[in-house]
Amino acid sequence: MRSRPLITLRLTTAPTQHIGPGPHGTRLTFPITGGSFDGDRLRGTVLPGGDDWVIQRADGVLELDLRITLATDDGALVHMTFEGIRDDAAPGSPYFRTLPRFETADARYAFLNRLLAVGTGELGADGPVHVIEEIL
Amino acid sequence: MESRLLMTMQVAVAGPQRIGAVPHGTRVTAPIASGHFEGPRLRGKVLPGGGDWTLLRADGVLELDLRVTLETDDGALIHVASFGLRHGPPDVIAALARGDRVDPATYYFRTTLRFETSHPAYGFLNRLVAVSSGDRRAAGPLYTIDEIL
């Protein structure tokens, strides 16, 4: 599968909301307070107010469901979502992989509406960091 | 990003249901009649009853929302959900619509996939995400599906 770098996304989060056990597993949310993103074709900040709505499954894997708004340094807004999983018990190192999608009205960034992407996540000292690549 | 081949999957699409212009675009539902899949770790058939729920957006991009059940040669059932985008130059898309043989390198047909199974031999599928490249043959798409490592 061919890919090329799109952005490195760094998120800052507020304390986890522990909603607790529900019909699908244990519900948590990771509120997003901000962050930044950087890449060859776009860069800027993450607006506060997004969240990652998570279910911890019976097998321990976290199912991720994030929605955030990106603000580019030249004034475009981009709606970004991803689904994904984080399996801390994966052999070797956590398997933290996401499938981002984007929507924007800004013609300069319309290419984001036409691509699919894959992200590799890591829990950095200041919050989650996602290295996101465009699927070519 | 590192990946490795998971499987190829060929589906056969039955007559499409053209629902038409709906608020989000043009809705066409493609029932899946049959198919087969093959890879280093699993192989078998695509059961009838799945489908690809497609939406042609105003910007010319086709969104594809596929759900099928796979049955492995050793009797495991696997639920597959795949979200995809397809777009290309107008003449290429027109050739696909006619059922012509078209080089898949001339258009963008990519999907992201998730799997669910209760069979212990295939539990690894519950703990990965996958990406595919589609080749829209006349009888139905052929997907080359890679596991994201």
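General remarks:
- Residues A:79, A:130, B:87, B:119 in ascending order of nearby Cβ atoms (within 10 Å, fewest first): B:119, A:79, B:87, A:130.
- Cα centroid separation - the range B:44-77 against the range A:49-89, whole Å: 24 Å
- Averaged over peptide A:113-123, the number of partner chain Cβ atoms lying within 10 Å of each residue's Cβ comes to 4.
- Here the protein assembly as shown is assigned +1 on the Cβ of each Lys and Arg and -1 on the Cβ of each Asp and Glu. Its dipole about the Cα centre then comes out at about 640 debye.
- Phi-derived couplings, Karplus 6.51 cos²θ - 1.76 cosθ + 1.60 at θ = phi - 60°, listed residue by residue for the range A:44-58: x, 10, 9, 6, x, x, x, 7, 10, 8, 10, 10, 8, 6, 4 Hz, with x used for Gly and Pro.
- Shielding of A:81-91 by partner chains, average beta-carbon count, 10 Å: 2
- Equivalent ellipsoid semi-axes, the range B:3-148, via Cα gyration tensor eigenvalues times 5, rooted, Å: 26, 16, 14
- Inter-part distance where the range B:108-138 and the range A:115-136 are each reduced to a Cα centre, Å: 20 Å
- Against the rule of thumb 2.2 N^0.38 Å, how large the Cα Rg of the protein assembly as shown comes out: 1.02
- Toward the positive end of the charge dipole of the range B:35-129, with +1 on the Cβ of Lys and Arg and -1 on the Cβ of Asp and Glu, the farthest Cα among B:128, B:55, B:109 is that of B:128.
- Positive-end extreme of charge dipole, the range A:3-135 - chosen from A:23, A:56, A:102 (charges on Cβ): A:102
- Total charge dipole magnitude, the range B:3-148, about the Cα centre, Cβ charges on Lys, Arg, Asp, Glu only, Debye to nearest 20: 160 debye
- Calculated [222 nm] ellipticity per residue, helices only, for the protein assembly as shown: -1000 deg cm²/dmol; basis is -39500 (n - 2.57) per DSSP H run with n ≥ 4, divided by all residues, nearest 500.
- Ranking B:14, B:39, B:85 by how far each Cα lies toward the positive end of the dipole of the range B:1-94 (charges on Cβ) leaves B:14 at the top.
- What the phi angles of the range B:56-67 give under the Karplus curve with 6.51, -1.76 and 1.60, with θ = phi - 60°, is a coupling list of 8, 7, 4, 8, x, 8, 8, 8, 10, 10, 9, 9 Hz, glycine and proline written as x.
- Cβ neighbours within 10 Å from other chains - mean over B:92-101: 0
- Counting beta carbons within 10 Å around each of A:132, A:19 and listing the fewest first gives the order A:19, A:132.
Laboratory data are not the source of any read-out in this text; all were calculated from the coordinates shown. This structure is a prediction, so every number in the text was calculated from the model and none was measured. For neighbour counting, all protein chains shown are included, and Cβ atoms are generated from backbone atoms with ideal geometry for every residue, glycine included.
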